[in-house]
Amino acid sequence: MKALILNSGVARRLKPLTDHLPKCLLEVNGKSILQRQIELLLSIGVKKYIITTGPLQDKIINHVKEKFPELDVVYTNNPKFESTNYIYSMWLARNEIDDDDILLLHGDLVFEKSVIQKIVKQKLSAVIVDRAASLPEKDFKGQIQNGKVRKIGIDVFGKDGKDAVFLLPLYFWTKKDFSLWMNEIGKFVEKGDTSCYAENAFNDISETINLFPLDIMNEFCMEIDTLEDLKLAKQIQKK
């Protein structure tokens, strides 16, 4: 299994903190988001890493070298980070993925160990959801049909909100399912559709992929997109 961590964004909503520092290097109570992620991944036995980068790549590389000098890691830079979304970053990293199961996570996720322990134990492709949380307006939701995730997006609210759940971009992918997704991502890239979410490509073929929701039921897992998110993450993590 390899961990693919997406860190190629500009993080405009966290400026001015991200003017000279990648979002993943923002600290939550003395440790960067990226350091927290890698420490937890190492603790459950993940040994190989692919990290996508955008602006300020050298700061990410130097930080990882300092904190984890022996880490088996490959970096893939997205030179078009201003005009593309991470769908393009994932495509650029395709040659590093090889034929392996993938633990995919966004680089702005902060979570407790029990969450990553649950996802890494999966035998089938799965994504973290929290059915106990209310549906956020601006974050990912997943539409669930017959026990499987059939659509992912910000504008997904399901039928009368009943079959939609709060979804967090932390996935376990079997090599077969991830290959199907990457093939569809390749079609998007070929037609120049690279400013959308990679999940848009998943939505087009979701009927052919068995992606299961893994409910964490209010265990701590959140994305940090704004200054308010960062403040909240620090408060929760202290507890």
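What follows is calculated from the coordinates using simple rules that are stated; it is not laboratory data. Quick caveat, the model's predicted, so the values are computed rather than measured. Note that each Cβ is placed from the backbone with ideal geometry, even for glycine, and that neighbours are counted across all protein chains shown.
Okay, here's what the table says:
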item: Kirkwood-type radius of the chain, with distances r between different C-alpha atoms, in Å; result: 18.0 Å
item: Gain on full stretching of the segment that runs from residue 70 to residue 138 - 0.36 nm per residue minus C-alpha separation; result: 20.7 nm
item: Net length gained if the chain between residue 190 and residue 124 were fully extended (0.36 nm per residue, minus Cα distance); result: 20.9 nm
item: Radius of gyration and Dmax over the Cα atoms of region 164-239, both given in Å; result: 15.9, 47
item: Helical segments meeting 15 Å axial Cα length and Kyte-Doolittle 0.5 threshold in the chain (DSSP H); result: 33-43
item: Furthest towards positive pole of dipole, 180, 34, 202, structure part the chain, Cβ charges; result: 34
item: Cβ charges +1 (Lys, Arg) and -1 (Asp, Glu), total dipole of the chain, debye; result: 440 debye
item: Stretchable slack from residue 43 to residue 228, in nm (0.36 nm times residue separation minus alpha-carbon distance); result: 63.7 nm
item: Reach of residue 65 by Cα under 17 Å, taken over lysines that are not fewer than 8 positions away in the same chain; result: 31, 47, 48
item: Computed log₁₀ I(q)/I(0) - Debye formula, equal Cα scatterers, no solvent, region 1-43, q 0.25, 0.31, 0.32 Å⁻¹; result: -0.91, -1.12, -1.15
item: Shape parameters for region 6-106, alpha-carbon atoms, Rg then Dmax in Å; result: 13.3, 40
item: Dipole of region 75-146, positive end: most advanced residue of 87, 129, 106 [Cβ charges, Cα centre]; result: 129
item: Antiparallel %, DSSP beta bridges [both residues in region 2-238], to 5; result: 50 percent
item: Value of [θ]222 nm, deg cm²/dmol, for the chain, DSSP H segments ≥ 4, -39500 (n - 2.57) each, nearest 500; result: -9500 deg cm²/dmol
item: Loop-located GluC sites (Glu not before Pro) in region 167-225 whose Cβ has at most 15 other Cβ within 10 Å (DSSP); result: 219
item: Distance from region 43-87 to region 209-239 (C-alpha centre basis), Å; result: 21 Å
